[in-house]
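Right, one structure below, let's go through it.
Every number here is computed from the coordinates shown, using simple stated rules; none is lab data. Keep in mind it's a predicted model, so treat the numbers as computed, not measured. As a convention, Cβ positions derive from the backbone with ideal geometry for all residues, glycine included, and neighbour counts pool all protein chains shown.
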Amino acid sequence: LQDNSQDAETAGPLDEINFWSERTVDLSGIREQLHDRTVLRIAELLKHVKSTYLKSFEDLSATIHEGSNEAEDNLKFLNCLRPVCEEIEKSSPPEVVALLPKLLKVIRMIWNVSGHYNRQERLTGLLRKVSNQIMARCCDYIPLSGVFDQDGDVQTSIDRLRECIACGEAWRVEYEKTKAAIS
């Protein structure tokens, strides 16, 4: 089973959570089908007649079980991120700054406790998605009318841009503190 959670360059952490939620539903549905009485009887029949198809079926069944367990575990831990990510989604960049320690505390917990999210590539992907969410909040926060409209309020755009820069700097500082604590 292939992990497609890293595909979108603009995806945020809520997209990651939704990916694992959908994957959990899909794989648990397939796993349930594998436990159906008819399927189990067919597998027994294949075993009895020493079919060459049995090994492929058993391998695929084991892969589905492993993938389903992984998806459930990932979802359990990533759901801990949902409240703070939803809060960030509604916040201005200055408000995001105050949420960063809480966010990184949860990410650190996931790194330490999760059975599958403790790999560098998974954590890097998740942190990239958090960065995407913060950048999206900043982009939405800066009024482009102040930049492009002749009658726009340039000063408001400049002030908000500075707040966004401060938010980005705070994200970097909090990330570095968390990285140092893990090391």
Pick from 59, 73, 151: which residue has the top mean-square fluctuation in a GNM of the chain where Cα pairs under 10 Å get a spring? 151
Residue 102 to residue 34: FRET efficiency via 1/(1 + (r/R0)^6), r the Cβ-Cβ distance, R0 35 Å, to the nearest 0.05? 0.30
Between residue 118 and residue 56, 0.36 nm times their residue separation minus their Cα-Cα distance comes to what? 19.3 nm
Place a label point 7 angstrom from the Cα of residue 21 along the Cα-to-Cβ direction, then list the residues of the stretch 40-76 whose backbone nitrogen is under 18 Å away. 71-76
Which of 34, 81, 46 fluctuates most in a GNM of the chain (C-alpha springs under 10 Å)? That residue is 46
Shape call for the stretch 109-156, from the Cα gyration tensor axes a ≥ b ≥ c (a/c under 1.5 means rounded, otherwise prolate when a/b beats b/c, else oblate), comes out prolate
Once you have the Kirkwood Rh of the stretch 38-183 from its Cα pairs, apply Stokes-Einstein at 20 °C and 1.002 mPa s and quote D in µm²/s. 115 µm²/s
